[in-house]
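Report on the following structure.
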Amino acid sequence: MVIFSAFSHAQVQIISTTRLDEIKLKMPVDSVNQLLEKKISVKESKYEFSTDTIWINYKNDSVRLVFSRFIDEKKRVQTSLQNIYSASKSLKTKSGIRAGDNKFDIIKKLDGRTMRIAPDWYFENAPDRKLYSSIVLYDAVNDNILLFHFKQNSLYAFENALSVSED
């Protein structure tokens, strides 16, 4: 007799400094629309440099996408993906880091890589702000970062973004 489970296992998605599964940083909004097979509306702005944040459902997970408008070298206004955030339990890194992992175990696993450990600035005005921290992992090759967000030293969210150059 074969018994089928009523529970479905969430598909594991890989997050890195450059992507969340198939969604890649620097993707033009049209390419994201094509990947998602739906139209994302990015707010038009009178400013050359502006951002727009959109929450989507991607493979049954809530994901925040931040798009940036900029002028390219041909003087055209372009809109592309600059930041991806998710607190999904189905995410993991190529090295196996996933939600619920302990901050200190992650530091050991990332030893030898360039990183910064700090309080999480998202919660700097929260009464319980001391419970929140983050690790920023730097990727000099791709000029991106991968952020690990913690509450009470337990990983609860990932975020990858383009590095901000200081010229």
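Per-residue Karplus couplings for the range 91-102, computed as 6.51 cos²θ - 1.76 cosθ + 1.60 with θ equal to phi - 60°, are listed in order as 8, 8, 8, 4, 8, x, 6, 9, 3, x, 5, 7 Hz, Gly and Pro entered as x. Derived scalar couplings between HN and Hα for the range 56-63 equal 10, 9, 10, 6, 6, 10, 7, 9 Hz in order, rounded to whole Hz, by the Karplus curve 6.51 cos²θ - 1.76 cosθ + 1.60 (θ = phi - 60°), x for Gly and Pro. Electrostatic bookkeeping for LEU110 treats Lys and Arg as +1 and Asp and Glu as -1; over the other residues with beta carbon under 13 Å from its beta carbon, the sum is +2.
Working from label points 7 Å from Cα in the Cα-to-Cβ sense, the SER31 to ARG129 distance is 3.8 nm. Once C-alpha pairs closer than 8 Å and six or more residues apart are averaged by separation and normalised to the residue number of the range 115-167, the relative contact order reads 27 percent. If every alpha-carbon in the range 27-110 counts as one equal scatterer, what log10 I(q)/I(0) does Debye give at q = 0.12, 0.16, 0.21, 0.25 1/Å? Treating every Cα as an identical point scatterer, log10 I(q)/I(0) equals -0.49, -0.74, -0.98, -1.19. Here the Karplus curve 6.51 cos²θ - 1.76 cosθ + 1.60, taken at θ = phi - 60°, turns the phi angles of the range 11-23 into couplings of 6, 6, 10, 8, 10, 9, 6, 10, 7, 10, 6, 8, 7 Hz, with x standing for Gly and Pro. Based on C-alpha pairs under 8 angstrom that are at least 6 apart in sequence, the range 44-123 has a relative contact order of 18 percent. What net charge is computed for the residues neighbouring ALA126, neighbours being all others with C-beta under 15 Å from the C-beta of ALA126, Lys and Arg scored +1, Asp and Glu -1? My count for the surroundings of ALA126 gives 0. Calculated mean residue ellipticity, 222 nm, the chain: -2500 deg cm²/dmol, from DSSP H runs (n ≥ 4) at -39500 (n - 2.57) each, averaged per residue and rounded to 500.
How many percent of the accessible area of the chain is carbon or sulfur, using a 1.4 Å probe? Carbon and sulfur together cover 51 percent of it. Contact order for the chain, expressed relative to its length and based on alpha carbon pairs under 8 Å spaced 6+ residues apart, stands at 21 percent.
With 0.36 nm allotted per residue and the present C-alpha distance subtracted, the THR53-TRP121 stretch has 22.7 nm of extension available. With all protein chains kept in place, the per residue accessible area of the range 1-146 amounts to 68 square angstrom at a probe of 1.4 angstrom. Packing, as the average of other Cβ atoms within 10 Å across residues, places the peptides 93-102, 23-32, 77-86, 136-145 in the order 77-86, 23-32, 136-145, 93-102, highest first. Taking amide hydrogens as placed 1.01 Å from N in the peptide plane, the amide H of ARG19 sits under 5 Å from those of LEU25, each at least 5 positions away in sequence or on another chain. The Cα trace of the chain gives Rg and Dmax of 17.7, 67 Å, the first to one decimal, the second as a whole number.
Within the shell defined by Cβ-Cβ distances under 12 Å, the residues around SER95 carry a net charge of +3, with Lys and Arg each +1 and Asp and Glu each -1.
The values are calculated or read from the model by the stated rules, or taken from the named source; none is laboratory data. Quick caveat: nothing in here was measured; it's all calculated off a predicted structure. When we count neighbours, we look across all protein chains shown, and the Cβ atoms used for this are built from the backbone with ideal geometry, even at glycine. Quick note on the areas: whole protein, heavy atoms, side chains included, nothing else; ligands and nucleic acids left out. Shrake-Rupley method; radii C 1.70, N 1.55, O 1.52, S 1.80 Å.
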